1. PRE reach from Glu308 (point 7 Å along Cα→Cβ): which of segment 258-289 fall under 20 Å by backbone N?
2. Just how large is the dipole of the chain about the Cα centre, in debye to the nearest 20, putting +1 at every Lys and Arg Cβ and -1 at every Asp and Glu Cβ?
3. Would you mind checking Lys229/Lys302; Lys39/Lys302; Lys229/Lys257; Lys186/Lys227 for any pair whose Cα atoms are more than 23 angstrom apart?
4. If you take the square roots of the eigenvalues of the alpha-carbon gyration tensor of the chain and sort them as a ≥ b ≥ c, do you get rounded (a/c under 1.5), prolate (a/b over b/c) or oblate?
5. What lysines sit close enough to Lys343 to cross-link, taking a C-alpha to C-alpha distance under 25 Å and skipping anything fewer than 8 places away on the same chain?
6. Tell me, what is the percent relative contact order of segment 25-133, built from C-alpha pairs under 8 Å that lie six or more residues apart?
7. Answer with one residue from Trp329, Ile268, His256: the one whose Cα lies farthest towards the positive end of the charge dipole of segment 250-351, charges on Cβ with Lys, Arg +1 and Asp, Glu -1.
8. With an 8 Å cut-off on Cα pairs and a minimum separation of 6 or more residues, tell me the relative contact order of segment 122-170 in percent.
Amino acid sequence: MLIDKDSLTEFARQIFISLGTEEDRAQEIADHLVEANLKGHDSHGVGMIPSYVRSALHDILQINADAELILDKGAVLLVDGNLGFGQVVGRQATDLGIDRVRDTGIVCVGSRNNYHLGRIGTYGERCARAGLVSIHFVNVVGHPPNVSPWGGRDARMLTNPFCCVVPTATDPIVLDMATSAIAYGKVRVAGLKGVPVPDDCLFDAEGMPSNDPGVMNSGGTLGPFGKHKGYGLALMCELLGGGLAGEWTIQDVERHKSPTVNHMMMIIIDPALFGGLERFQREVQGMSDWLHASKPAKGFDKVRLPGEPERESMAERLANGIRIDDQSWETITQSAQLAGVSKADIAVLTA
Ligand code: NAD
């Protein structure tokens, strides 16, 4: 399926409205998901809709819940997402932090109990649009783990994302990444295509490196990125996102059968604290130019900054449309019907 941004957004919006989600929320969730597709992260785009619909129909995902401020200590806020759509309650927690940082210069927001937050960069980009730096430590809980600790043989964590966004005079620098070497969605796609995954991403049940996506069906695990270093960062996401800001970490095996929940610790900094946004942006610009000037290594066309691949993908997909593989599209349209969109409406919406 090749579909343009506006049609895909409207289709997604109608699915959420049919579920009973209020219209402005439905729009926000649809915008967030389609932007993830545009930015090249199909694993966090409209392909999430089937699991969202399932969780809503099982009354796990609270489709019209708002974030609730449960503790206010000036530069520290604790916000409960009440298992509402992460795209809404995560944004609400971010906005509380942005408002507060105007008084305090720095704020740490614990944003707990969010149903899947989607693409974490979205929240950092919102801070950057307000001229702010942000750092996000996020854990993922609710599912059985699929990422092994460095040196371990079995899965003990999920793909805990880390994100740091820095504003510039133009586009922000957006480091936004899973701490696993590869996203599970990419392994699944490789399996369907019958192609191997790159080196250093997967381990079999004996803890031996493997390129075979099939190992995930026989006790294999995703490795952490960057060996012990990525493992260490994943652990910090677990401890700060889940343990300190959130309500639980993944060692609580009793909770492995619940839905995808993200706990996020978000630190937002006003560069004015350290001498002003302009001076900082000059330094950021100088550093960006410095890195861009590096002679490309063999096999590379140029050096990029974090966030640039997403903007390139977005320009291409806005121009040419978003391609969704047949199997994912089939599942999305099935879940649209489960949500209450009629076959006739689906045909019109996706024509
Ligand atoms: P990725 O590996 O594609 O990119 C990671 C980072 O590297 C990005 O900031 C990107 O801009 C940068 N990058 C990529 N190529 C680059 C290059 N050539 N030069 C410089 N920088 C480059 O991303 P990922 O790790 O697969 O994560 C994808 C998305 O999944 C993220 O948006 C993340 O927030 C999301 N995620 C969410 C959850 C959740 O539970 N909500 C869990 C895991 C991941």
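1. Inside the label zone: 281-289.
2. Approximately 700 debye in magnitude.
3. With Cα atoms farther than 23 Å apart: Lys229/Lys302; Lys229/Lys257.
4. Rounded is the answer for the chain, as its axis ratio a/c remains below 1.5.
5. Lys5
6. Relative contact order comes out at 24 percent.
7. Ile268
8. 42
Throughout, read-outs are computed from the coordinates displayed, never taken from laboratory work. As the structure is a computational prediction, the values presented were derived from the model and not from experiment. Because the Cβ atoms are built from the backbone with ideal geometry, glycine has one as well, and the counts that use them run over all protein chains shown.
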